[in-house]
């Protein structure tokens, strides 16, 4: 005879049932709740138990019964996860992404128990049928909407200028947003403290820390090489090498296409295991992405086809999320940070690609995620004010001057900076302003922005010690 359930076990069941109901804003029946519960938790739940938990939730006014007079009533949430269940600690509310009927249908399909989903293998036609410039995963109105939201004042500046201007925030948001989708336990505040101060969060693993630091390195690679990056092997294999560093069972798999079989634990999809096909498909993905004439279509195309192929032993989705930013960073568009994207819904969208070769659900997640990123970075940019025209115009020269001064181990006089401007072709009309901007850059130097100048921490530390008194005087 089974023992009586503890209060804690009942509360866990109740929370899980409520989470399922929240996923169906138009109502959900007993059978759908049972299937979704099993998909979410990995454990079956009895019909009678579902009824009891729903009765308890209804009594607490957290769910309500609709079409109650029928033999198969449906339930919907009255709170969207914002209420309390007894003395339980409820999870923070998840943003509600409006979904079309087709996206909702796909979500229900991929949340069925594995035993009810049909096993499928890699479908070559899915990629072959895509013709750049003729096939569009993002409709024209969606591309226009994203372009309107994502275009910045830096459109005519050198590639990567906008991303450099928001570098500090971009590294924190994208490192956290992408890592969170992998189950990383770092909060946004934890991420910021790790990246700025090296402070590790309590209750997290070395794997979580490594994942965050790897994202930082990969983002710096994209931004600092914005004029050279492209949808090619150098860029995408480089991203994987950075993102997978110290996370692979075999270090030889970092930045290398896989030659062995892998499985996807939550899916009935089996990627191809033939190395020659992986090589050929990988190159075809890159060629087609390069030929796409729209940066947002390029971005979403990589989010679809890179994970679908699973070209690496692991870290495929992370690589696709960073690769989705290649065209955006190069075009000085607002980047895609994945902040606030619901983890389960992103997973559902990816599973729909794997198992149904259907991009609708992932597309709606992508569109919402991009607009959310634009809101975040636009607010940041507005708080920063308009960009300094001298810093914008002479970005490369400013970087070169700061780098030269650090490596020479000196704190330059205004006369020396002025002489540097003559040698390096700064027009006379802009020299005085350039000197002011240079001085501000030198005063404001700190370890977390050294990547901007391609300077090693050891070089900066040596220089900082040598010029400490001058920097203090200048800052005052």
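The values are calculated or read from the model by the stated rules, or taken from the named source; none is laboratory data. If you're wondering where the values come from, they're calculated on a predicted model, not measured in any experiment. Methodologically, a virtual Cβ is constructed for each residue, glycine included, from the backbone with ideal geometry; neighbour enumeration extends over all protein chains shown.
Side notes on the structure shown:
Results for (1) surrounded by fewer than 13 Cβ atoms within 10 Å (Cβ to Cβ); (2) in the same structural domain as residue 358 (by TED's automatic domain parsing); (3) at pLDDT below 85; (4) on the phi > 0 side of the Ramachandran plot, shown as yes or no for each residue.
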position	(1), (2), (3), (4)
13	no, no, yes, no
31	yes, no, yes, no
52	no, no, no, no
72	yes, no, yes, no
83	no, no, yes, no
104	no, no, no, no
108	no, no, no, no
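- Scanning region 385-431 for residues that are touching a helix residue (DSSP H, G or I) at 6+ places or on another chain (Cβ under 9 Å) and in contact (Cβ under 8 Å) with a residue 60 or more places away in the chain, we see that the one that is nearest to residue 226 (Cα to Cα) is 395.
- Evaluation of residue 18 against (1) modelled with pLDDT under 80; (2) surrounded by 14 or more Cβ atoms within 10 Å (Cβ to Cβ); (3) in contact with a helix residue (DSSP H, G or I) (Cβ under 9 Å, 6 or more places away or on another chain) (one fails), failing number: (1)
- Test for residue 450: is it in contact with a helix residue (DSSP H, G or I) (Cβ under 7 Å, 6 or more places away or on another chain), under 30 Å from residue 98 (Cβ atoms), at pLDDT below 85 and assigned to a helix (DSSP H, G or I): no
- Test for residue 424: is it modelled with pLDDT of 90 or more and over 26 Å from residue 170 (Cβ atoms): yes
- The set of residues from region 249-261 being without any contact (Cβ under 8 Å) to a residue 60 or more places away in the chain and part of a helix (DSSP H, G or I) comprises 251, 252.
- Residue check, residue 442 in contact with a helix residue (DSSP H, G or I) (Cβ under 7 Å, 6 or more places away or on another chain), outside the structural domain of residue 178 (by TED's automatic domain parsing) and modelled with pLDDT under 85: no
- In this structure, residue 125 does not qualify as within 30 Å of residue 261 (Cβ to Cβ), in contact with a strand residue (DSSP E or B) (Cβ under 8 Å, 6 or more places away or on another chain) and without any contact (Cβ under 8 Å) to a residue 24 or more places away in the chain.
- Residue that is nearest to the chain's Cα centre (by Cα), among those in region 262-283 that are under 18 Å from residue 317 (Cβ atoms) and not in a loop (DSSP other than H, G, I, E, B): 282
A quick yes/no check of all residues on (1) in contact with a strand residue (DSSP E or B) (Cβ under 9 Å, 6 or more places away or on another chain); (2) over 25 Å from residue 355 (Cβ atoms):
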residue	(1), (2)
245	no, yes
248	no, yes
266	no, no
270	yes, no
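- Check on residue 142, over 30 Å from residue 274 (Cα atoms) and touching a helix residue (DSSP H, G or I) at 6+ places or on another chain (Cβ under 8 Å): yes
- The set of residues in region 432-447 being in a helix (DSSP H, G or I), within 33 Å of the chain's Cα centre (by Cα) and free of Cβ contacts under 8 Å to residues at least 24 places away in the same chain consists of 440, 447.
- Scanning region 413-430 for residues that are surrounded by 15 or more Cβ atoms within 10 Å (Cβ to Cβ) and within 17 Å of residue 392 (Cβ to Cβ) returns 421, 426, 430.
- Selection within region 131-149 - in contact (Cβ under 8 Å) with a residue 40 or more places away in the chain, in a loop (DSSP other than H, G, I, E, B) and closer than 19 Å to residue 361 by Cα: 136, 137, 138
- Of everything listed in (1) modelled with pLDDT of 95 or more; (2) surrounded by fewer than 17 Cβ atoms within 10 Å (Cβ to Cβ); (3) in the same structural domain as residue 328 (by TED's automatic domain parsing), the single unmet condition for residue 127 is (2).
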